[in-house]
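Asker: One structure, pasted below without further comment.
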Amino acid sequence: METEAPINEVIEEIKESGGDAVKYCYQCGKCDTVCPWNRVTNFSMRKLIREATFGIPEIDLEETWRCTTCGKCPQECPRDVKQIDDVVALRRIATDYGVSPAILKPVRSANASLAAEGNPLGAERAKRADWAEGLNVKTFTEEMEVLYFPCCYVTYDQRLKEVAQATARILGKAGVEFGILGTSENCCGESIRKTGNEETFKSLARENIKTFIDRGVKKILVSSPHCYHTFKNEYPEFKANFEVVHTSQYLLELIDEGKLQINKECKKKVTYHDPCYLGRHNGIYEEPREFLKKIPGLELREMNESRDNSLCCGMGGGRIWIDTDMAERFSNLRIEEAIGLGAEMLVTSCPYCIDALEESRSGLNHEDVIQVKDITEILEELI
């Protein structure tokens, strides 16, 4: 009887933090069979859920922060246990109690940087628009058709800046009236929310929403599926609804409307990697493929793990800030799968995926074997 009350209190706290669905689990283990972690090491989502069900979660262990929120297990779960919500609930509890394993040191740094500079990279807010120098990109005004929201990594990362720059040049050639927020832009907050830092997310969301409303924003174009997911599915929690479009959708629309013409061939064998937050979480599978099929000379080859069965790159759920041993990176498997398919180019539509795939390409010494490109980088070369 001495332990009954504390355990009941923990169960109630898990419920209040968003993890009520743990009670539906009947321990079939389907989640463990589809989890990408079990391709590279041992990890049991079933065990995490079981412990939470009985009010004995081990929130001080690294396992609580392994989940990349890829969406594979909720997709396959026969009981709608909502594993992502459950794991994030445990992380919220850990955050509230100040429980922080050593692996979370970079997450703490990211959180501090988000509060101070509006980005998780420790970069200066004043340099947020530096990627656009020389591109004649204007500050967004209400009369403009589209707000382009690049995302933190596309804004600051040296490799990923190429995605923002390609996007801006494409929009310019298409005659699209667009602008950016520059130093008024904050991180969308998606990844920090998945680590359990709910207050930081709410602060970022409210500030962004206020800026969007004050500037008269109606349509937001994003490079990151994580921004797409957050603006489209999570900002409505704050009674804020904007039209949100991902670059893979918008560029196809511009081509179909005749505002962009593909003038060159691309005689390469190409495969497409479906990002979790574009595909499984938001059902966008066809537009990137339709775009690639319009390119003369390009041979599109599908990997076995594609569309709703796509393999996670490993960077979601806040894992982009947590160092993963090279031998345990899902992106290694993805690079090898693409090469095994005979692909010369691995194309995707997510900065997190590009970052992971580029690191694996380099780490596996495949830099001369296969290229990794964002869909915008391909289009810019062909128009």
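Asker: Does at least one position in the stretch 3-23 carry a residue that is farther than 29 Å from Arg280 by Cα, surrounded by fewer than 18 Cβ atoms within 10 Å (Cβ to Cβ), polar (S, T, N, Q) and without any contact (Cβ under 8 Å) to a residue 60 or more places away in the chain?
Answerer: Scanning the stretch 3-23 turns up at least one residue that is farther than 29 Å from Arg280 by Cα, surrounded by fewer than 18 Cβ atoms within 10 Å (Cβ to Cβ), polar (S, T, N, Q) and without any contact (Cβ under 8 Å) to a residue 60 or more places away in the chain.
Asker: List the helices (runs of 4 or more DSSP H) that sit entirely inside the stretch 71-153 and contain at least 1 residues that are basic (Lys, Arg) and over 23 Å from His229 (Cα atoms). Explain how you work it out, then say what you get.
Answerer: Numbers: elements: 72-76, 83-96, 105-117.
Helices (runs of 4 or more DSSP H) meeting the threshold: 105-117.
Asker: Next question, about the same structure. Going by the conditions given, is Ala52 crowded, with 21+ Cβ neighbours inside 10 Å, free of Cβ contacts under 8 Å to residues at least 60 places away in the same chain, in a helix (DSSP H, G or I) and not hydroxyl-bearing (Ser, Thr, Tyr)? Explain how you work it out, then say what you get.
Answerer: Working: crowded, with 21+ Cβ neighbours inside 10 Å: yes; free of Cβ contacts under 8 Å to residues at least 60 places away in the same chain: yes; in a helix (DSSP H, G or I): yes; not hydroxyl-bearing (Ser, Thr, Tyr): yes.
Criteria met by Ala52.
Asker: Just to be sure I understand the filter: pairs with C-beta atoms under 9 Å, separated by 6 or more residues or on different chains, first member in the stretch 252-278 and modelled with pLDDT under 95, second member charged (D, E, K, R) and part of a loop (DSSP other than H, G, I, E, B). Which pairs pass?
Answerer: none
Asker: Restricting attention to the stretch 273-282, does a residue exist that is basic (Lys, Arg) and open to solvent by 30 Å² or more (accessible area, probe 1.4 Å)? Before the answer, list the steps.
Answerer: Keep residues of the stretch 273-282 that are basic (Lys, Arg), which gives 280.
Within this subset, residues satisfying the condition of being open to solvent by 30 Å² or more (accessible area, probe 1.4 Å) are 280.
Yes: the stretch 273-282 contains one or more residues that are basic (Lys, Arg) and open to solvent by 30 Å² or more (accessible area, probe 1.4 Å).
Asker: When the stretch 320-353 is examined, which residues are found to be part of a helix (DSSP H, G or I) and open to solvent by less than 10 Å² (accessible area, probe 1.4 Å)? Give the steps one after another, and end with the answer.
Answerer: Step one: of the stretch 320-353, the residues part of a helix (DSSP H, G or I) are 320-321, 326-328, 330-340, 351-353.
Result: Phe330, Ser331, Arg334, Ile335, Ala338, Pro351, Cys353.
The values are calculated or read from the model by the stated rules, or taken from the named source; none is laboratory data. If you're wondering where the values come from, they're calculated on a predicted model, not measured in any experiment. Positions of Cβ are backbone-derived with ideal geometry, glycine not excepted, and every protein chain shown enters the neighbour counts. SASA here: full protein model, heavy atoms, side chains in, ligands and nucleic acids out. Shrake-Rupley method; radii C 1.70, N 1.55, O 1.52, S 1.80 Å.
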